[in-house]
1. Looking at region A:149-161, can you tell me whether even one residue there is assigned to a helix (DSSP H, G or I) and either more than 14 Å from chain B (Cβ to nearest Cβ) or among the basic types (Lys, Arg) (or both)?
2. Is it the case that C:Lys46 is touching a Leu at 6+ places or on another chain (Cβ under 7 Å), over 18 Å from C:Ala111 (Cβ atoms) and of a type outside the set (Phe, Trp, Tyr)?
3. Kindly indicate the residue of region D:62-75 that is under 23 Å from D:Glu177 (Cβ atoms) and either surrounded by 24 or more Cβ atoms within 10 Å (Cβ to Cβ) or in contact (Cβ under 8 Å) with a residue 24 or more places away in the chain (or both) and also nearest to ligand 4 (Cβ to nearest atom) among those meeting that condition.
4. Out of curiosity, is B:Arg306 buried (at least 20 other Cβ atoms within 10 Å of the Cβ), modelled with pLDDT under 90 and of a type in the set (D, E, K, R)?
5. Working only within region A:162-212, note down all residues that are under 25 Å from the mean Cα position of the chain (by Cα) and among the β-branched types (Val, Ile, Thr).
6. Of the residues D:Lys116, D:Lys133, D:Lys171, which single one is surrounded by fewer than 17 Cβ atoms within 10 Å (Cβ to Cβ), among the charged types (D, E, K, R) and either at pLDDT 80 or above or away from ligand 2 (no atom under 16 Å from the Cβ) (or both)?
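The values are calculated or read from the model by the stated rules, or taken from the named source; none is laboratory data. Here the structure is a predicted model, which is why all the values come from computation and not from measurement. Positions of Cβ are generated from backbone atoms using ideal geometry, with glycine treated the same way; all protein chains shown enter the neighbour counts.
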Amino acid sequence: MSEPTAAAPHHDYEKVLKDSATEVASFDRDDKSAVQRFRQFLHSSPSAVSLIVLVASLIVFGILLGGKFFNAFSLTLILQQVAITGIVGAAQTLVIITAGIDLSVGAIMVLSSVVMGQLVFRYGLPVEIAIPCGFAVGALCGFLNGFLIARMKLPPFIVTLGMWQIVLASNFLYSANETIRAQEIETTAPLLQLLGHNFRLGGAVFTYGVIAMVLLVALLWYVLNQTAWGRHLYAVGDDPEAAELSGVNVKRMLVSVYVLSGLICALAGWASIGRNGSVSPTIGQFANIESITAVVIGGISLFGGRGSILGMVFGALIVGVFSFGLRMLGTDVQWTYLLIGVLIIVAVAVDQWIRKAAG
Amino acid sequence: MSEPTAAAPHHDYEKVLKDSATEVASFDRDDKSAVQRFRQFLHSSPSAVSLIVLVASLIVFGILLGGKFFNAFSLTLILQQVAITGIVGAAQTLVIITAGIDLSVGAIMVLSSVVMGQLVFRYGLPVEIAIPCGFAVGALCGFLNGFLIARMKLPPFIVTLGMWQIVLASNFLYSANETIRAQEIETTAPLLQLLGHNFRLGGAVFTYGVIAMVLLVALLWYVLNQTAWGRHLYAVGDDPEAAELSGVNVKRMLVSVYVLSGLICALAGWASIGRNGSVSPTIGQFANIESITAVVIGGISLFGGRGSILGMVFGALIVGVFSFGLRMLGTDVQWTYLLIGVLIIVAVAVDQWIRKAAG
Amino acid sequence: APASAADVSACLITKTDTNPFFVKMKEGASAKAKELGVSLKSYAGKIDGDSESQVAAIETCIADGAKGILITASDTKGIVPNLKKARDAGLLVIALDTPLEPIDAADMTFATDNLLAGKLIGQWAKETLGDKAKDAKVAFLDLTPSQPSVDILRDQGFMMGFGIDPKNPNKIGDEDDKRIVGHDVTNGNEEGGRTAMENLLQKDPTINVVHTINEPAAAGAYEALKAVGREKDVLIVSVDGGCPGVKNVAEGVIGATSQQYPLQMAALGIEAIKKFSDTGEKPKPTAGKDFFDTGVTLVTDKPVSAIKSIDTKAGLGKCWG
Amino acid sequence: MAIEPILTARGLVKRYGRVTALDHADFDLYPGEILAVIGDNGAGKSSLIKAISGAVRPDEGEIRMEGKPIQFSSPMEARKAGIETVYQNLALSPALSIADNMFLGREIRSPGFMGKFLRKLDHGAMEKVARAKLSELGLMTIQNINQAVETLSGGQRQGVAVARAAAFGSKVIILDEPTAALGVKESRRVLELISDVRSRGIPIVLISHNMPHVFEVADRIHIHRLGKRLTVINPKDYSMSDAVALMTGAKTVDAEAVPA
Amino acid sequence: MAIEPILTARGLVKRYGRVTALDHADFDLYPGEILAVIGDNGAGKSSLIKAISGAVRPDEGEIRMEGKPIQFSSPMEARKAGIETVYQNLALSPALSIADNMFLGREIRSPGFMGKFLRKLDHGAMEKVARAKLSELGLMTIQNINQAVETLSGGQRQGVAVARAAAFGSKVIILDEPTAALGVKESRRVLELISDVRSRGIPIVLISHNMPHVFEVADRIHIHRLGKRLTVINPKDYSMSDAVALMTGAKTVDAEAVPA
Ligand SMILES: Nc1ncnc2c1ncn2[C@@H]1O[C@H](COP(=O)(O)OP(=O)(O)OP(=O)(O)O)[C@@H](O)[C@H]1O
Ligand SMILES: Nc1ncnc2c1ncn2[C@@H]1O[C@H](COP(=O)(O)OP(=O)(O)OP(=O)(O)O)[C@@H](O)[C@H]1O
Ligand SMILES: [Mg+2]
Ligand SMILES: [Mg+2]
């Protein structure tokens, strides 16, 4: 084998390069207006927009409704009302960061809660076993989604559209449309209602479901930002092929994220037993739309790879504040839906504006 | 200016190129098995798969149900039942070919039909004016979608999610939830029910709504395959940037396609008055899911740029045959939903298999 | 001391705000509230079965300091604990139209006797057919796959009235009477009514009696029958008594319908809340029943002697929607 | 100089958010010439030709064609004016056929009623023309003109794009790094094609990082640096070393170089 | 020959639908050498190195590393075995920062409890290492190591990818057309980097269409043609013309060229 020789450039013209300049052809303009600087701030902190909107809507409704709205009880009530959407939204956030979408979240949530209930009341299993079984069912549904999406490379929209119908139909067939009543649960298996229990701090009322939502979001925030798994999740959503070639096991990531989504939906199912008291096969019909709405208003990109889970919480809270505030004002429900529709479009329009301008 | 000189290659080594071989580094393998050849046939005719599934399901239900199912009347009845989904599906197909999605189809359809009815019965306009006004409303909603998507570059999923809520809420607010009865329409404005009229050919019964669907699909098939607009539509869905650089006016295409979608939804609204006899603000709740299902089962790619509108019709018919057949068999409706869910996933899995193998 | 009139506020929570039945209920409540100086706020679920929106509405009412809640529950068992919270907070809870399970979860129920509504039309169909009732072919157009209680009560009530053994009266579909052609769901609208009728006609083209869950479904069924030219020789019966429905009875689309009175339910509910807030007195049930029966009347232009009924002219006078 | 430039641009500015891609850039193209544009990565070469061909709208500046100010708002307009461009990222629609791609935005309609009123396309005519153009340019051996572009190799795709430009460019043809991804053989073919087109009298703008290629075919070389035109040199008067030194900033322009 | 190859492949076959990208291809890489791989567009060069680096799984054939058969099922496994690859399409995640990209798949965890049990990342350490690597290689002047990759110019991105490979490749570094999109200056830097790495004793596989570059740095040249290795030549014994003639099929191999 020949010894490595210090190779000389073949072309003469390359010899002049040693003198070449070192500037780069990009200029930071100094004449930034206040608007531009604000835009850039918003660009660098993606959940700031939704936080600002949230605060603004709190203020507006506070002015319109006064003390009836702006007290610890009402504000914590909003928290209780969005807790389940927040939990499901966390699952949806993870999936959407991978550039996927999960239309089956609501179906998985209701099936898990029905399984928890039926195992206790139809088969007489102890509740300590029934709850983990509910989680297992959620994980299984998530695994099926993940398997079809990651291994068979089917589009998430279609897979979860199909699973939505399958899981929901299974839910109705399995539950035989029977609601398990709150009183029965209270006497036989109070643990099922655990996440509905509450404690007070002054006028504020917190349910364990709210606490669960907050802890879940905090945990996921940590995982997304401070662990390798989180970084990989963003990389997968950003460009799955690049992630694969850079050494991320994309398939395993995708399967794990859908399983996790299934587990979180099961948690939402448990929380819904607490909130409603009973186990009903008809809950969660709008969980997919609501969670996607929260994610979108929270500024998380449907194209994947971008966005913060905190944005989702703000998004859910914005919807919660609007719905509660408009209800208190006594507006026709249809106006609420109309306004939320407008809000969704405005939220992405603002997002687009920030991105375009900040480059 | 210097005269052009026949330039000589700078590098000596390029002179040898005149002798270079002309084969290309791609080999067609001759040892194709029957399966592979079948796959390649399916690959080259994208709607063949759904046609095969349709024929197969007709045969299966024919065997299970016999003459009750396999007669001209039943088969044309299925056609009547899928006519509206087929019309809405045509709108959805156009949008999905551009890599978009339209969640607001059902809302636009119901609002258009309500406007047609209310203009006659609330404001006393002649029906010949009311119907075009209904179409105008459909076109306007479509234009709003298209404007937000094309000009403001917002994602179609979110825009139409927002519009869905906005249009539906407007519909309820505007109609004040009032149903206009079939008998009143029959006496005052029978033209509204035009698409519900039928004629017979032997045992077969065709409504004008079915004819409208067939003509619409035939027309769109022609437009998609035989006109520049159709070619441009595929190019936009395939790669909008490439289409733009190749000289397609992408924005105008997108706006026109959403407007057209709105118009077709208005047609579906008119057809629904014919089918139901009455004008009701609660119809079309599942039109978006049903049309997307038909498109997906029809083998049209949600990523845009690929698929035939005939596939959508076959997809709609498959769902129609399944629903009708299963009900005739007396199965629980939930089983129908479950099976359709499975069908959706199987359809894309087969599609993926064909594509992967045929390369 | 009794609160002054201006302080009295009430909530009306309906299953949806798109069904004319609930729209009328809201109108009735608003009119009465205005008359009595009660401030009323109305809420609804997005679709039938959307219990979560109702829960959120109950919570809002409590936070809002309302004196009472009128509710037509989507999930009659599931909503109970939430209503208990409201009652614990001192609100009067009145179930309208749909009884809760258990029925005493509400302070009072103002409702139609849906079983009776079903029985009336069943009986009417039997009497009208006379001897032919023995070998009638009956189609049942029900509400949704999840078999809510109204659906069961009307469906099974019809069977009792018509002389079909309903077997388990809490379950649709366990009957074995040869006269039943089948059950199908309609979602309570024209679209579903038409498709369901078409499907059942294919199962057995000789159907001559159709039980429909409500009048929109009946109108849809009629369209399907008309398409095959059988609209004249099939008996359609329904429940509701909305104005479009009664007109359809007058025009022979529907043979008979059991009329219920949502306006009255709502008005009575508002009165009860007002009274409760003024005097602390709760309303009493109809004698012999565990709820306050707001009445149900058979509306038909072809009366049969065995059943008390009113004609469509009278029906139109009392109709809603 | 007596000859009027066919295409000129003055003071073009284009900003992308924080980045200024074009910073008052000028540009001149004379009839019948091959003008090479060279410059570092990110110097703004692609931005320059995108501004000229209507793919992006410059924030400031003026473009003139044959002396008349023009303002293309889309590549289609530039195309109608006779400017054909092969963009760095190719701009072919993967799922469409070769013929469809070549005629995208300028389809041929059937003669008579069908074409006039039903706007029917004449697939046959388009395929014939496409086949003729491809073989006329001797560029490749494609068996099936209805093959989807995505089934072609990178070199073949490049060929289709160049053939399209050569076939339809009536006034100006612009090529942005047409040989970057190509092998030795394929690059040579493209260079031959460029000479071919020039001999038909159509001026060409060629962006390339390959100095030997540039010096082989160019009549004049536009050196782009930091978003603006640094100078224009005649390859006969300057060496490759000079050009590279100028373009990388190793040497500065002492006197304004006179366009050849 | 006494020295054992560090990486060998025998009889690799890879089919994509109807196309056979690799048709019983062989491959040998010796310790400490720079092996150039040349060939026409579509000859199967990228497919070859993808098969070797675990990015695609060959349909047939055997790969050995240091004599032991290996079967990578993902790029991560190849990476763990010390093979670093810069793919033709770069393989960086646009929205992630430079530091995140450099450490993707091999993140550094915090020391102690947080890292061990809560799997917390040590952002500080990763940034420090990334900065050190980049400046050690003298490749660029990036101010902010937390900048998203999408904000970098093409040349800078290429630099990050090459730096990542150079920093972590312990056994073999594979570069697939690292200079195709680069300007003169930027290409030169990459070539210098390649020499640098080789002087650290790590063998390099370089795919390139640029003959002068290939002949400048390569110890041996693997000529790929129609999906297989045609021959391996020593650049000292053959001229560029010979190499091009072989690779394009203008000349056939007369005798089996002995690996240098
Ligand atoms: N769409 C865009 N968005 C943001 N920045 C852009 C965009 N297009 C170009 N730029 C930036 O503008 C500058 C000039 O880019 P341009 O593509 O014109 O350079 P170039 O001279 O063509 O470089 P190359 O030789 O690498 O192709 C670069 O800094 C680039 O990052
Ligand atoms: N993912 C794929 N799907 C289908 N065909 C492919 C795929 N990857 C490569 N090919 C085909 O395999 C053949 C070899 O491709 P490859 O990328 O290995 O060539 P190459 O030698 O790297 O060419 P270049 O110099 O242009 O990069 C080509 O005909 C190509 O079209
Ligand atoms: Mg460029
Ligand atoms: Mg390659």
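1. Filtering region A:149-161 down to residues assigned to a helix (DSSP H, G or I) leaves A:149-151, A:156-161.
Among the residues that remain, those that are also either more than 14 Å from chain B (Cβ to nearest Cβ) or among the basic types (Lys, Arg) (or both) are: A:151.
Yes, because at least one residue in region A:149-161 is assigned to a helix (DSSP H, G or I) and either more than 14 Å from chain B (Cβ to nearest Cβ) or among the basic types (Lys, Arg) (or both).
2. On the way: touching a Leu at 6+ places or on another chain (Cβ under 7 Å): no; over 18 Å from C:Ala111 (Cβ atoms): yes; of a type outside the set (Phe, Trp, Tyr): yes.
So C:Lys46 does not fit the description; no.
3. Let us first name the residues in region D:62-75 that are under 23 Å from D:Glu177 (Cβ atoms), namely D:63, D:72, D:74-75.
With either surrounded by 24 or more Cβ atoms within 10 Å (Cβ to Cβ) or in contact (Cβ under 8 Å) with a residue 24 or more places away in the chain (or both) added as a condition, the list becomes D:63, D:75.
Numbers: D:Ile63: 37, D:Pro75: 29 Å.
The residue in question is D:Pro75.
4. Values: buried (at least 20 other Cβ atoms within 10 Å of the Cβ): yes; modelled with pLDDT under 90: yes; of a type in the set (D, E, K, R): yes.
It is true that B:Arg306 is buried (at least 20 other Cβ atoms within 10 Å of the Cβ), modelled with pLDDT under 90 and of a type in the set (D, E, K, R).
5. A:Ile166, A:Val167, A:Val205, A:Thr207, A:Val210, A:Ile211
6. Values: D:Lys133 fails: surrounded by fewer than 17 Cβ atoms within 10 Å (Cβ to Cβ); D:Lys171 fails: surrounded by fewer than 17 Cβ atoms within 10 Å (Cβ to Cβ).
Every option except D:Lys116 fails the conditions.
Let's see how each residue does on (1) away from chain D (no Cβ under 14 Å); (2) surrounded by fewer than 23 Cβ atoms within 10 Å (Cβ to Cβ); (3) of a type in the set (Lys, Arg):
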site: B:Gly209; (1), (2), (3): yes, no, no
site: B:Leu215; (1), (2), (3): yes, yes, no
site: B:Val223; (1), (2), (3): no, yes, no
site: B:His232; (1), (2), (3): no, no, no
site: B:Gly237; (1), (2), (3): no, no, no
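Residues checked against (1) away from ligand 2 (no atom under 15 Å from the Cβ); (2) in contact with a Gly (Cβ under 8 Å, 6 or more places away or on another chain); (3) over 19 Å from E:Val205 (Cα atoms):
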position	(1), (2), (3)
E:Leu12	no, yes, no
E:Gly17	no, yes, yes
E:Thr20	no, yes, yes
E:Ala25	no, yes, no
E:Gly39	no, yes, no
E:Gly44	no, yes, no
E:Lys50	no, no, no
E:Val56	no, no, no
E:Glu62	yes, yes, no
